[in-house]
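Only one structure is covered here, and it is reproduced in the block below.
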């Protein structure tokens, strides 16, 4: 199994350059990435944005929404790239098009999977650690389950702050740590909080953290911080 | 119908004092508030926190979780106060205990309803404009539908900022406005973005904004800002 799961937030020139390097190292000499834009509403605009920002990493991009048979497109893809946006919309579309089983089967057979943000959420057992708004309601939260743990993308520590004019005000909604603690009041699966621009690379039984630190949350245990480069293979062994 | 729907964020002394004044003006001379703590996991601790923060507004608080028959407790309540926390957990519990219909019937008959944050989300047609994490999965997003529009609690404008040491960093997750635009890519119901500490008071066919500004989002239209005190009765007439 070969996975590259990114947190998102690849918006600065430095982050985009790092993203391209890591993606090229991961995908190697393939020609075409099958891009899955279903997390956003305007699929063609999403493909254009990927190219404009350089997140194609130099590969040809084929939008799955332009293919007559999305399941067949997955079955013949060299690699799949599932982009970010709204995770509920993405999962709902994957479920309705029969792509959950199609992608799982190809990944099990060795096809590389690149996910960013919502594309990382759906690689987990469920989408129950997404930060997104439930603008649509999939019949089930069960997702691709390519890894046996959850990733919380766009992770950050502490309170949100809101900029009003030139001053910053504290916002009193739950912190991310509080939200993940609430997840563990009802669920047992470990959750890796992945800072923006971070990635997790999985190769068979090995997993490594790239680019940023990450914080691991487990039910009933104190959170644990990991440095970039850390071996996270133990998370595959749930 | 009598409703007082708060955004949340009643954490500063000034905000708490305003909350108490508005709640007392709304509820008048009743004795006891039936408090619904299901949005948090520890119900007794939640009741204690309400008292400690003064959010009881001087009324006796009866925790619905301590009553042998929650539906009967709603049927005999003078007024209901549904607290904040995780909206998915709250709705799931209301659905499982048969409280959706029980609360709807009493509110239709004139019982005052006070909601804060998640308690405001569930007063809407669905919980599809919550900011919370889907830590449990209700069978349906349909909620109490006491008003015909959505409220997005804890609303704020612009990017999230994260404090690292003494400096603020921009976070690249979707802004609230982007999230609500995405809601309207799939749904038609208007959404009122209610800043923290704000409230909407509904009396029959009249609705008024109290305490803070709010921003109204409608499908295919530019957002519209309202000042505290604005008449929002038109939102009841969908």
q = 0.14, 0.15, 0.21, 0.22 Å⁻¹: log10 I(q)/I(0) that the Debye formula gives for region B:197-238, counting C-alpha atoms only:
-0.31, -0.35, -0.67, -0.72
Estimated 222 nm signal from helices in chain B, with DSSP H stretches of n ≥ 4 weighted -39500 (n - 2.57), rounded to 500
-8500 deg cm²/dmol
Highest-fluctuation residue, A:58, A:193, A:165 considered, GNM on chain A with Cα pairs under 10 Å
A:165
What number, in percent, do you get for the relative contact order of region A:155-238 if the mean sequence gap of Cα pairs under 8 Å and at least 6 apart is divided by its residue count?
23 percent
Taking the simple approach of a point 7 Å from Cα along Cα-to-Cβ for both residue A:29 and residue A:1, what is their distance in nm?
2.8 nm
Could you work out which residue, out of A:204, A:119, A:158, moves most in a Gaussian network model of chain A, that is, has the largest mean-square fluctuation with Cα springs under 10 Å?
A:158
So for region B:1-149, averaging the separation of alpha carbon pairs under 8 Å that are six or more residues apart and normalising by length, what relative contact order in percent results?
29 percent
So what is the orientation-averaged projected area of chain B, using the convex hull of its C-alpha atoms, in nm²?
13.2 nm²
If you line up the long axis of helix B:176-186 against the longest principal axis of chain B, both from Cα atoms, how many degrees apart are they, to the nearest 10?
80 degrees
Label distances, nm, residue A:12 versus same residue in remaining copies, Cβ-directed 7 Å point
3.0
Inter-copy distances for residue B:168, nm, shortest first, label points 7 Å along Cα→Cβ, are 0.6
Alpha-carbon centroids, region B:9-33 and region B:165-193: separation in whole Å:
29 Å
What's log10 of I(q)/I(0) for the protein assembly as shown at q = 0.08, 0.10, 0.12 Å⁻¹, Debye sum over Cα points only, no solvent?
-0.49, -0.75, -1.04
When chain A is treated as a GNM, springs tying every alpha-carbon pair under 10 Å, which of A:220, A:85, A:211 comes out with the largest mean-square fluctuation?
A:220
For region A:3-67, the Debye formula with one identical point scatterer on each Cα and no solvent gives log10 I(q)/I(0) at q = 0.21, 0.22, 0.24 Å⁻¹ as -0.93, -1.02, -1.19
Calculate the all-directions average of the projected area of region A:71-132's alpha-carbon convex hull, and give it in nm².
3.8 nm²
Over all distinct Cα pairs, what is the inverse of the mean 1/r for region B:103-221, reported as the Kirkwood hydrodynamic radius in Å?
15.7 Å
If you put a point 7 Å past Cα along the Cβ direction, how far is that point for residue B:220 from the same point in each other copy, in nm, smallest first?
5.4
If you fit an axis through the alpha-carbon atoms of helix A:43-53 and take the longest principal axis of the Cα set of chain A, what angle between them do you get, 0 to 90°, nearest 10?
70 degrees
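Values in this text are rule-based calculations from the coordinates and carry no lab data. Since we're looking at a predicted model, the values are computed, not measured. In this analysis, Cβ positions are derived from the backbone assuming ideal geometry, glycine residues included, and neighbour counts consider all displayed protein chains.
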